[in-house]
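To keep things clear, I will list the structure first and then write my remarks on it.
The values are calculated or read from the model by the stated rules, or taken from the named source; none is laboratory data. Keep in mind that this is a model prediction, so the values were computed, not measured. Glycine also receives a Cβ, built like all others from the backbone with ideal geometry; neighbour counts cover every protein chain displayed.
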Amino acid sequence: MSHEPVPSVPHVPGVVAPKAPPVVDASDLARALEERSMGQALRTEELVVNMGPQHPSTHGVLRVVIKTDGEVVTALQPHIGNLHRCVEKIGESLPYYQWLPYVDRMDYLAAINNEHGACIAIERLAGIVVPERAEYIRVILAEVQRVASHIFAMGVYGLDIGAITPFLHTFRERERGLDLLDHVAGGRLLYHVVRIGGVKRDLSPEWIDECHAFLDAVEERLPEYNTLLLDNHIFQERTCNIGVIPRELAVGWGVTGPALRASGVDWDTRRDAPYGIYDRFQFEVPVAHSGVAGVVGDCFHRHWVRFKETEQAIRIARQALRDLPPGEIQAKLPKTLKPPKGEAYVRVENPRGELAYYMVADGTDKAWRIRCRGPSFSNIGVMTDVARGALVADLVALMGSLDIVLGEVDR
Amino acid sequence: MKSFLDGLIDGSSLLQAVPRGLVYTVGILLACKAVLLLVSLFAGEIVWMERRISGRMQARIGPNRVGPQGLLQFLADGVKLMAKEDVIPTSADRLVFLIAPYIVFAGVFAAFAAVPLGAGLVPANLTFGLFYVLAITSVEVVGVIMAGWSSNSKWSILGTMREVAQVISYEMPLAISALTVAVLAGTLNLTEIVDQQQGWVWQWWVLRSPATFVGFFLFFTAALAALKRAPFDLPEAESELVAGFHTEYTGFRFAIFFLAEYAGMFLFSVLTVVLFFGGWHPGVPVSLTTGIGRALGFLVLFAKSAFFLSVMIWIRWSLPRYRVDKVMYLCYKVLLPWSVAAMVVAALQVLLTGGR
């Protein structure tokens, strides 16, 4: 700012000349302001803290740079990419068959669901018809995986809030689910069991009995988890009205999955845009409505939706087990799969939200372009808008309730 | 302590030969050593107890390999921690960083000087014992500030701010609810307070007045917060602040923080028993003045405090963590008014009934 000279006023007798405004130096002003503020309030500084990538509640290697005023978060910026493994690019340099194991590693807590979507996309490109039994097996495995993933998310959320015991309780049941998948696939987390045109292994009658026992056990345990979390007074104080994502904000940021339904949007890809054989099953889509506790869109409801969805996943798995038809589990496929020129866009409901694959085939045995839409990636973004003004503890509660998996954010 | 040493000197011709001052000094040092060892041992066993109980609660087993039922686990842990490198961050304030753990440690262990662990089993039978204990435990906060500030780490500073705010705030309801007993008992001497609770169970202070009954719950809650135990473990909230003020500490210095924390748990459970639950009196009218009786009294006190320790552990592994502002709300708007009210009721009771 330039200081213009004050025009001199001609002296008129009897009239008091207006005083020229004092020329103020910028540093003088700062000093004056500082002096004035002394005694009124302590001069404070904002603290820029690096939350992650090595932080216990960033659920992986997310790095969030937060600016805090004491405990209050004034701004935050998520930095992603620490777990980037070029899954999409690798898909463009490998034959379709060989790309599938990479998909497992995107959302490593829901590998079956990832495989399911990828296989459907490739099958749609190549026009492969999957045998009935394989379709049912896929649904059973996917729902068992969903149950395992959701109860794990619920337990880990307890850990974020500070309750350690529910985490280990849910781990106990989750481990049973993982054992089931292990028996089918031979791996605990990364299965590669859903294959193009079918599934790798058949389900034995013993496995089906064991699966029923697992679903019963989880159903029995769910109220027990709720006594430790959902119904707990401290849990409600920590999550109700915290990290509220309004309906419009959720839709605007492309939030999907339980987080979207917790904001009151009635959308589930399994019901509204069915893939595979999901249109054959009876299930409800839990949507947050006010009246449980807190307000729609808060952390409490995200947890609540997850709990309700676990019940529905059990329901779907039971129906699929009941209707499981006999027959083949793998379609006949050529040794090298060369889908004709074309493109496919397939979206599936991952436990964390809507996972989509866009694939372009150019007639060779490799895809010309593969693009994945990860639900965690979209869900993470909404944090910047919601967390402002929250406490550090609320930030942890918010991050945990979005249930992000960094493997899939970065891909 | 002095009378005990005097008796010892009078009874032994050998001790009469050496100067009295030397006997006192050696005697006091030995007593300190004994208390230190005893309390460290208890603190170690409380760690084991916590790990075993939490294991049971979480469908795990817990440590059961070192010694019978894993009882010597704390020794193995201690040896492991001592063998570790003592890392000092380059940007840390070296001197303050190094001495901070010992101040925390001293704050807790000095309190045991005035805490009676049995009839006559008290290093210093102070007339203002309760006041001394509550005052000396505040020293711990100084050590925590030193540790958090000198670490020069942002998470440590956040943890330290939380800890200092919380512990200082909760000392008020803690002290005031403890004073309900002192007002009714008419003394601050912990041994006298225990002796007033001799006899049947209803002679225990917790059952003798509505003020002390409420006072006990306030005291226990405030003690949990002052000890930074869940659900008030905000200063060390591992899911938020990684480890709070001792994030940068490793090896033996970390072990000292750890030991001080568990010694603090033992201290406050013993205080709860001494103030409200009859101390070493078992709740039936028996005399515990003989040698065997004193030992039994010590066991009774230990059993009672083990019960309160279990409650602390039980609470920790069941509940989520409070948020920082709710903790302050609880302190200033719930516990403090209630403890002041309890104190007023106790004072009125003394005024109207003459104290007994």
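Would you say B:Leu267 is of a type outside the set (Lys, Arg), away from chain A (no Cβ under 14 Å) and either surrounded by fewer than 22 Cβ atoms within 10 Å (Cβ to Cβ) or over 28 Å from B:Ile103 (Cβ atoms) (or both)? No.
State whether the residues of region A:175-185 include one that is over 24 Å from A:Ile404 (Cα atoms) and β-branched (Val, Ile, Thr). Scanning region A:175-185 turns up at least one residue that is over 24 Å from A:Ile404 (Cα atoms) and β-branched (Val, Ile, Thr).
Condition check: buried (at least 18 other Cβ atoms within 10 Å of the Cβ), within 14 Å of A:Pro339 (Cα to Cα) and either touching a residue at least 12 places away in the same chain (Cβ under 8 Å) or among the charged types (D, E, K, R) (or both). Does A:Leu109 satisfy that?
Numbers: buried (at least 18 other Cβ atoms within 10 Å of the Cβ): yes; within 14 Å of A:Pro339 (Cα to Cα): no; either touching a residue at least 12 places away in the same chain (Cβ under 8 Å) or among the charged types (D, E, K, R) (or both): yes.
Taking the combined requirement at face value, the residue does not satisfy it.
Meeting the requirement of 2 or more residues that are more than 14 Å from chain B (Cβ to nearest Cβ) and aliphatic (A, V, I, L, M), the helices (runs of 4 or more DSSP H) wholly within region A:296-411 are A:299-323, A:375-386, A:406-410.
Just to be sure before I move on: is B:Phe302 in a helix (DSSP H, G or I) and touching a helix residue (DSSP H, G or I) at 6+ places or on another chain (Cβ under 9 Å) in the structure I sent? If you could, list the steps in order and put the result at the bottom.
Numbers: in a helix (DSSP H, G or I): yes; touching a helix residue (DSSP H, G or I) at 6+ places or on another chain (Cβ under 9 Å): yes.
Against the criterion (in a helix (DSSP H, G or I) and touching a helix residue (DSSP H, G or I) at 6+ places or on another chain (Cβ under 9 Å)), B:Phe302 qualifies.
Taken over region B:110-125, the residue count meeting the criterion of being outside any loop (DSSP other than H, G, I, E, B) and in contact (Cβ under 8 Å) with a residue 60 or more places away in the chain is 4. When restricted to residues that are touching a residue at least 24 places away in the same chain (Cβ under 8 Å), of a type in the set (A, V, I, L, M, F, W, C) and within 14 Å of chain A (Cβ to nearest Cβ), region B:139-179 contains 4.
Among the residues of region A:320-360 satisfying the criterion of being over 32 Å from the mean Cα position of the chain (by Cα) and of a type in the set (Gly, Ala, Ser), which is farthest from A:Val251 (Cα to Cα)? Step through it out loud before you land on a result.
Our first condition is that a residue be over 32 Å from the mean Cα position of the chain (by Cα); within region A:320-360, this holds for A:325-328, A:331-338, A:340-341.
Checking the rest, the ones that are also of a type in the set (Gly, Ala, Ser) come to A:327, A:331.
Numbers: A:Gly327: 42, A:Ala331: 39 Å.
Selected residue: A:Gly327.
Only residues that are more than 14 Å from chain A (Cβ to nearest Cβ), surrounded by 14 or more Cβ atoms within 10 Å (Cβ to Cβ) and not in a loop (DSSP other than H, G, I, E, B): list them for region B:39-66, please. If the condition is that a residue be more than 14 Å from chain A (Cβ to nearest Cβ), surrounded by 14 or more Cβ atoms within 10 Å (Cβ to Cβ) and not in a loop (DSSP other than H, G, I, E, B), then B:Val39, B:Ser40, B:Phe42, B:Ala43, B:Gly44, B:Glu45, B:Ile46, B:Val47, B:Trp48, B:Met49, B:Arg52 are the ones that fit. If you check A:Gly252, A:Gly243, A:Gly264, A:Gly257 for being within 21 Å of A:Glu349 (Cβ to Cβ) and surrounded by 21 or more Cβ atoms within 10 Å (Cβ to Cβ), only one passes: A:Gly257.
Residues checked against (1) hydrophobic (A, V, I, L, M, F, W, C); (2) in contact with a helix residue (DSSP H, G or I) (Cβ under 6 Å, 6 or more places away or on another chain); (3) more than 26 Å from A:Asp202 (Cβ to Cβ):
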position	(1), (2), (3)
A:Gly52	no, no, yes
A:Val64	yes, no, yes
A:Arg85	no, no, yes
A:Lys89	no, no, yes
A:Asn114	no, yes, no
A:Val139	yes, yes, no
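For region B:338-356, check the following and say yes or no: at least one residue is within 14 Å of chain A (Cβ to nearest Cβ) and in a helix (DSSP H, G or I). First the steps, then the outcome.
Of all residues in region B:338-356, those within 14 Å of chain A (Cβ to nearest Cβ) come to none.
Looking through region B:338-356, none of the residues is within 14 Å of chain A (Cβ to nearest Cβ) and in a helix (DSSP H, G or I).
Of the residues making up region B:128-158, those that are surrounded by fewer than 22 Cβ atoms within 10 Å (Cβ to Cβ), touching a Ser or Thr at 6+ places or on another chain (Cβ under 7 Å) and in a helix (DSSP H, G or I) are B:Ile145, B:Trp149.
Please find, within region A:340-360, the residue that is surrounded by the most Cβ atoms within 10 Å (Cβ to Cβ) out of those that are within 15 Å of A:Val409 (Cβ to Cβ) and touching a strand residue (DSSP E or B) at 6+ places or on another chain (Cβ under 8 Å). Spell out the reasoning first.
Of region A:340-360, the ones within 15 Å of A:Val409 (Cβ to Cβ) are A:350-356.
Still in the running and touching a strand residue (DSSP E or B) at 6+ places or on another chain (Cβ under 8 Å): A:354-356.
Values: A:Glu354: 22, A:Leu355: 29, A:Ala356: 19.
Ranking the qualifying residues of region A:340-360, first place goes to A:Leu355.
Of all the criteria given as (1) touching a Phe, Trp or Tyr at 6+ places or on another chain (Cβ under 9 Å); (2) under 25 Å from B:Phe112 (Cα atoms); (3) surrounded by fewer than 22 Cβ atoms within 10 Å (Cβ to Cβ), the one not satisfied by B:His281 is (3).
Starting from residues that are crowded, with 21+ Cβ neighbours inside 10 Å and touching a strand residue (DSSP E or B) at 6+ places or on another chain (Cβ under 7 Å), keep the ones in region A:391-411 and report whichever is farthest from A:Thr336 (Cα to Cα).
Ranking the qualifying residues of region A:391-411, first place goes to A:Val392.
Kindly establish whether B:Glu261 is farther than 30 Å from B:Leu121 by Cα and either outside any loop (DSSP other than H, G, I, E, B) or more than 14 Å from chain A (Cβ to nearest Cβ) (or both). No, not satisfied.
I'm trying to understand the selection: among the residues of region A:60-92, which are within 14 Å of chain B (Cβ to nearest Cβ), surrounded by fewer than 18 Cβ atoms within 10 Å (Cβ to Cβ) and assigned to a loop (DSSP other than H, G, I, E, B)? Within region A:60-92, A:Gly70 is the sole residue that qualifies. It is to be established whether one or more residues within region A:269-292 are of a type in the set (A, V, I, L, M) and crowded, with 24+ Cβ neighbours inside 10 Å. Yes, that holds for at least one residue.
Against the definition (farther than 28 Å from B:Trp200 by Cβ and either part of a helix (DSSP H, G or I) or at pLDDT below 90 (or both)), how does B:Ile292 come out, yes or no? Answer is no for this residue. Among the criteria (1) within 16 Å of A:Arg138 (Cα to Cα); (2) among the basic types (Lys, Arg); (3) in a helix (DSSP H, G or I), the one A:Arg174 does not fulfil is (1). Checking each residue in region A:128-165 for being within 14 Å of chain B (Cβ to nearest Cβ) and surrounded by fewer than 24 Cβ atoms within 10 Å (Cβ to Cβ) picks out A:Val156, A:Leu159, A:Ile164, A:Thr165.
Selection of region A:361-385 for residues being surrounded by 24 or more Cβ atoms within 10 Å (Cβ to Cβ), within 16 Å of the chain's Cα centre (by Cα) and not polar (S, T, N, Q) yields A:Gly374, A:Pro375. Pairing residues of region A:186-206 that are over 19 Å from A:Gly117 (Cβ atoms) with residues that are of a type in the set (D, E, K, R), at Cβ distances under 6 Å and at least 6 apart in sequence or on separate chains, gives A:Arg188/A:Asp182.
Residues that are within 13 Å of chain B (Cβ to nearest Cβ), without any contact (Cβ under 8 Å) to a residue 40 or more places away in the chain and of a type in the set (D, E, K, R) within region A:208-258 comprise A:Asp231, A:Glu237, listed in sequence order.
The condition of being surrounded by 16 or more Cβ atoms within 10 Å (Cβ to Cβ), free of Cβ contacts under 8 Å to residues at least 60 places away in the same chain and of a type in the set (A, V, I, L, M) holds for only one of B:Leu75, B:Leu71, that being B:Leu71.
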